[in-house]
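All remarks here apply to the structure that follows.
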Amino acid sequence: MNKKRVAIIGAGIIGVTTAYELAQKGFDVTVFDKNQTCSEESSFANGGVISPGYITPWASPSIFKRLLKEQFSKHASILLRAPHFETLRWLSQSIKASKSERYWRHRQVLQKLALMTQTRLKELTQSLGLDLEQSQGFNIIYRSERHFEWAKSALPYLSDLGVAFQIMDQEALLTKEPALESQTPMVGAIHLPDDQVINCRQFALSLRDEAEKIGVHFEFKSVIDALSPDNPLRLVVNGKPQFFDHVVVCAGMGSLPLLKPLALNLPMTAVYGYSMTAIIKEPLDAPKCGIMDEKYKVTIVRQGNRVRIGGIMEFGGDPKTHNPKAIKTLYKVLEDWFPKATDMGQQIQVWKGARAMLPKGSPIIGATPHSGLWLNLGHGSSGWATSCGSAQVLAGLMSHEISSSEWSELALT
């Protein structure tokens, strides 16, 4: 019996994990990407946090007030740079999706994907013997009493999901993170012991090697023409046609021009995230595990001998131009909590990446009206945290091992 041939477009963390899971199901998989290797764009330098206990849709019930307030803040976590009409329409759709009932539905599905990812990462790391930069535990620090009380009120929900947590005051947190700056005001923290920090790009490169061992083919520097409505399973790659039984589109924002002729409902927009990475000056002055400053939505993590500060959501602007306000916010959070971790005078890698986000907050994973054409995209800032789970869901759908009704919130509408 011949294996079904599958083309995956996009070799970011979503594409690589999808390729591996499909190959495990017995598909003959080829991955195409325009870059020279995998994980070159949105997966390149993200924060690396896998936190089922914290993951939430961006479209929360408080998002409208936060969006307005942030525009007048000196250190903002949400930036609007000359947004055009399409961005404003997307924000309007996102605010509609933030109503309490819809928010909790999409939060639940994201957390299910993140829990699956957490479990699968542990399985793969152990079974494949992957040597990765990783640390255990995640701390969410609260500066506001109101936000801390709201977070504590939601903890029974985490208990129902089986997510372990510990409420801590400053003294208790300092036992977990002795290098934390004690003079920076805080009202409390929530410690999530099972959550992890893993270098996303390092994992993607390692899993690519493992995928090749089980027969996955990777074709880089591949330019693919827009898909034809007459036959979207016919790919024109670098000017030459290739035919497949299935095509899976995982190309982030690059998916839109590929899918445009098919007239699918894909209200994705690019939301830019930032990170700064620097060599740790003194290991005792750096974080032991990951932390999140809840006010600024900025993470600080240790990755090997480096510290990485990540966050910010920027709408509009030039993808190649760094917003000084975003950089200042990242610097501030690092200075507030780990001022001695790195030498600010050294060369620091600043990264900006476009995250393809949908208004609803959860991704699209599943079939399209075109037979054989599948989507796994729109993960936004949750791509790494939901990557392995998303790949398992898609592989289960394609192999008919699970029903689309089990994951209706992820369906294309």
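The values are calculated or read from the model by the stated rules, or taken from the named source; none is laboratory data. From a predicted model like this one, the values you see are computed outputs, not experimental measurements. Reconstructed Cβ throughout: ideal geometry from the backbone, glycine too, with neighbour counts over all protein chains shown.
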Residue satisfying all of: in region 281-291; of a type in the set (A, V, I, L, M, F, W, C) and either free of Cβ contacts under 8 Å to residues at least 24 places away in the same chain or surrounded by 20 or more Cβ atoms within 10 Å (Cβ to Cβ) (or both); nearest to Ala326 (Cα to Cα) among these: Ile291
Some residue of region 134-141 being surrounded by fewer than 17 Cβ atoms within 10 Å (Cβ to Cβ) and without any contact (Cβ under 8 Å) to a residue 12 or more places away in the chain: no
Check on Gly353, of a type outside the set (A, V, I, L, M) and modelled with pLDDT under 95: yes
Test: Ser159 is surrounded by fewer than 18 Cβ atoms within 10 Å (Cβ to Cβ) and within 26 Å of the chain's Cα centre (by Cα): yes
Ile312, sole failed condition from (1) at pLDDT 95 or above; (2) under 20 Å from Gly383 (Cα atoms): (1)
Hits in region 10-47 (condition: of a type in the set (A, V, I, L, M, F, W, C) and either outside any loop (DSSP other than H, G, I, E, B) or farther than 30 Å from Gln93 by Cβ (or both)): Ile13, Ile14, Val16, Ala19, Leu22, Ala23, Phe27, Val29, Val31, Phe32, Cys38
Criterion: touching a Gly at 6+ places or on another chain (Cβ under 8 Å) and surrounded by 13 or more Cβ atoms within 10 Å (Cβ to Cβ) - qualifying residue of Ala172, Ala179, Ala204: Ala204
Of the criteria (1) under 21 Å from Lys4 (Cα atoms); (2) surrounded by 15 or more Cβ atoms within 10 Å (Cβ to Cβ), which one Pro241 fails: (2)
Residues that are in a strand (DSSP E or B) and either closer than 18 Å to Phe148 by Cα or out of contact with any helix residue (DSSP H, G or I) (no Cβ under 8 Å at 6 or more places or on another chain) (or both), drawn from region 159-207: Gln166, Ile167, Met168, Gly188, Ala189, Ile190, His191, Leu192, Pro193, Val197
Residues located in region 208-252, provided they are assigned to a loop (DSSP other than H, G, I, E, B), in contact with a strand residue (DSSP E or B) (Cβ under 6 Å, 6 or more places away or on another chain) and small (Gly, Ala, Ser): Ser222, Ala251
Checking His217 against (1) surrounded by fewer than 19 Cβ atoms within 10 Å (Cβ to Cβ); (2) at pLDDT below 95, the condition it does not meet: (2)
Residue selected from region 280-309 under the condition polar (S, T, N, Q) and modelled with pLDDT under 95, by the criterion nearest to the chain's Cα centre (by Cα): Gln303
Residues of region 62-98 satisfying the condition of being at pLDDT 80 or above and aromatic (Phe, Trp, Tyr): Trp90
Sole residue being hydroxyl-bearing (Ser, Thr, Tyr) and either without any contact (Cβ under 8 Å) to a residue 60 or more places away in the chain or over 30 Å from Lys4 (Cα atoms) (or both), chosen from Ser144, Ser222: Ser144
Selection within region 72-108 - in contact with a helix residue (DSSP H, G or I) (Cβ under 8 Å, 6 or more places away or on another chain), of a type in the set (S, T, N, Q) and more than 30 Å from Glu406 (Cα to Cα): Ser77
Single condition Asn2 does not satisfy, out of (1) under 30 Å from Arg234 (Cβ atoms); (2) touching a helix residue (DSSP H, G or I) at 6+ places or on another chain (Cβ under 9 Å); (3) among the polar types (S, T, N, Q): (2)
All helices (runs of 4 or more DSSP H) inside region 48-153 with 1 or more residues being under 17 Å from Phe315 (Cβ atoms) and among the basic types (Lys, Arg): 63-70, 85-97
Residues (surrounded by fewer than 21 Cβ atoms within 10 Å (Cβ to Cβ) and not in a loop (DSSP other than H, G, I, E, B)) located in region 293-333: Arg306, Gly316, Pro324, Lys325, Ile327, Lys328, Tyr331, Lys332
Some residue of region 34-57 being acidic (Asp, Glu) and at pLDDT below 85: no
